[in-house]
Amino acid sequence: MKVSLYPGCSAHGTAKEYSQSIEAVSHALGIETHEIDDWSCCGATSAHSTNHKLSVALPARNLMIAQKKGLDVMIPCAACFNRFKMAQHQIEKDKALKAEMESIIGAKYTDGIAIRNPIDIIANDIGLDALEKKVVRKLEGLKPVSYYGCLLLRPPEVCRFDDYENPVLLDKILAACGADVKKWSFKTDCCGGSLSISRTDIVGKMVNKLASMAKEAGANCIVTACPLCMANLDMRADAGLKMPVFYFTELLALAMGLPGPDKWFKLHITDPVPLVQSLKLM
């Protein structure tokens, strides 16, 4: 399977472990990634609150470049995924906006490019059976809760790859790797997002609630697919509530026996190594 890859800005900064584990897992599962040429920032979670047209033009430019290869676009970052999906939705629904974007960017937009998240691709294209066959080290003893956050599944009429109230694909992926996935009702609750910079007090309360509920569900870790969620959950919980937080691809790499997890785990704020070693997973 071939896909265009939009790595996003965090892949080269705060989410290097996500980017590197995405590449490792993709290669192991037969997903051939082609990074979009001359890609630029999509505006993430801030552009749409300051300038609507800019929030559409930034991802639209990258989409128009990606169209040249004609491949589905895989976007690991939840914020980037959301902005691309929203821009595509708005351009395809509004002919005047589409024409304006084409004029601003200096290129033509054509329909038909699918914007995909790795969770969707691994669960639905690669398949859970194929994933399970790649597992050489079952994640026995690991008791995660899956945390999607706000941006992967909302608005539901736009994102549309899992149930927006009770998503299950990430649960199924982790279970295929041998983890004892715990049920909880906070998969899509907000962590505070970029308020982490301006209102750390609010984010602290939101993250503490999530960590508390994860512990109540019987979890010993939280698993996410969003760099911003990862940063907040990893940094902002009070000392008594902190628990390891993983990108789901780090755990897939661990289960498949791929090199890299020991290096990636060193980049975490809350050290996950004691948990992983106590379960004899590395």
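For segment 38-57, check the following and say yes or no: at least one residue is outside the structural domain of Ser196 (by TED's automatic domain parsing), free of Cβ contacts under 8 Å to residues at least 40 places away in the same chain and under 23 Å from Leu258 (Cα atoms). No; the residues of segment 38-57 include none that is outside the structural domain of Ser196 (by TED's automatic domain parsing), free of Cβ contacts under 8 Å to residues at least 40 places away in the same chain and under 23 Å from Leu258 (Cα atoms). For segment 174-182, the count of residues that are at pLDDT below 95 and either touching a Lys or Arg at 6+ places or on another chain (Cβ under 6 Å) or farther than 28 Å from Ala239 by Cβ (or both) is zero. Reported count of residues in segment 146-196, each being of a type outside the set (Gly, Ala, Ser), more than 19 Å from Pro244 (Cβ to Cβ) and assigned to a helix (DSSP H, G or I), is 7.
Filter segment 70-82 down to the residues that are at pLDDT below 95 and over 13 Å from the mean Cα position of the chain (by Cα) and list them by number. Gly70, the sole residue that qualifies.
Yes or no, residue by residue, for (1) more than 30 Å from Glu132 (Cβ to Cβ); (2) in the same structural domain as Lys143 (by TED's automatic domain parsing); (3) in contact (Cβ under 8 Å) with a residue 40 or more places away in the chain; (4) under 19 Å from the mean Cα position of the chain (by Cα):
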| residue | (1), (2), (3), (4) |
| --- | --- |
| Asn220 | no, yes, yes, no |
| Val223 | no, yes, yes, yes |
| Cys229 | no, yes, yes, yes |
| Asp234 | no, yes, no, yes |
| Gly240 | yes, yes, no, no |
| Leu267 | no, yes, yes, yes |
| Asp271 | no, yes, no, no |
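Is at least one residue of segment 226-233 within 29 Å of Ala24 (Cα to Cα) and assigned to a loop (DSSP other than H, G, I, E, B)? Scanning segment 226-233, I find at least one residue that is within 29 Å of Ala24 (Cα to Cα) and assigned to a loop (DSSP other than H, G, I, E, B), so the answer is yes.
Considering only segment 132-150, I want to know if a residue exists there that is surrounded by 14 or more Cβ atoms within 10 Å (Cβ to Cβ), in contact with a Cys (Cβ under 8 Å, 6 or more places away or on another chain) and over 30 Å from Met282 (Cα atoms). Taking every residue of segment 132-150 in turn, at least one turns out to be surrounded by 14 or more Cβ atoms within 10 Å (Cβ to Cβ), in contact with a Cys (Cβ under 8 Å, 6 or more places away or on another chain) and over 30 Å from Met282 (Cα atoms). Taking (1) closer than 15 Å to Gly141 by Cα; (2) under 14 Å from the mean Cα position of the chain (by Cα) in turn, Lys280 satisfies each apart from (2). Taken across segment 94-103, residues that are in contact with a helix residue (DSSP H, G or I) (Cβ under 7 Å, 6 or more places away or on another chain), outside the structural domain of Leu228 (by TED's automatic domain parsing) and under 20 Å from Gly8 (Cα atoms) do not occur at all. Residues in segment 189-205 that are surrounded by fewer than 20 Cβ atoms within 10 Å (Cβ to Cβ) and modelled with pLDDT of 90 or more: Asp189, Cys190, Asp201, Ile202, Gly204, Lys205.
For (1) surrounded by 24 or more Cβ atoms within 10 Å (Cβ to Cβ); (2) over 16 Å from Pro274 (Cα atoms); (3) in contact with a Leu (Cβ under 8 Å, 6 or more places away or on another chain), each residue gets a yes or a no:
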{"position": "Ile222", "(1), (2), (3)": "yes, no, yes"}
{"position": "Cys229", "(1), (2), (3)": "yes, yes, no"}
{"position": "Asp234", "(1), (2), (3)": "no, no, no"}
{"position": "Asp238", "(1), (2), (3)": "no, yes, no"}
{"position": "Lys242", "(1), (2), (3)": "no, no, no"}
{"position": "Val245", "(1), (2), (3)": "yes, no, yes"}
{"position": "Thr249", "(1), (2), (3)": "yes, yes, no"}
{"position": "Met256", "(1), (2), (3)": "no, yes, no"}
{"position": "Gly260", "(1), (2), (3)": "no, yes, no"}
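Within segment 104-127, the set of residues being surrounded by 13 or more Cβ atoms within 10 Å (Cβ to Cβ), part of a loop (DSSP other than H, G, I, E, B) and out of contact with any strand residue (DSSP E or B) (no Cβ under 8 Å at 6 or more places or on another chain) comprises Ala107, Tyr109.
Looking only at residues in segment 62-79 that are out of contact with any Leu (no Cβ under 9 Å at 6 or more places or on another chain) and crowded, with 22+ Cβ neighbours inside 10 Å, the one that is farthest from Asn124 (Cα to Cα) is Asn62.
Looking at segment 1-99, the helices (runs of 4 or more DSSP H) lying wholly inside it that each contain 3 or more residues that are of a type in the set (D, E, K, R) sit at 16-28, 78-93.
The values are calculated or read from the model by the stated rules, or taken from the named source; none is laboratory data. Note that the structure is a prediction, hence the values are computed from the model and not measured. Please note: Cβ atoms are built from the backbone with ideal geometry, for glycine as well, and neighbour counts cover all protein chains shown.
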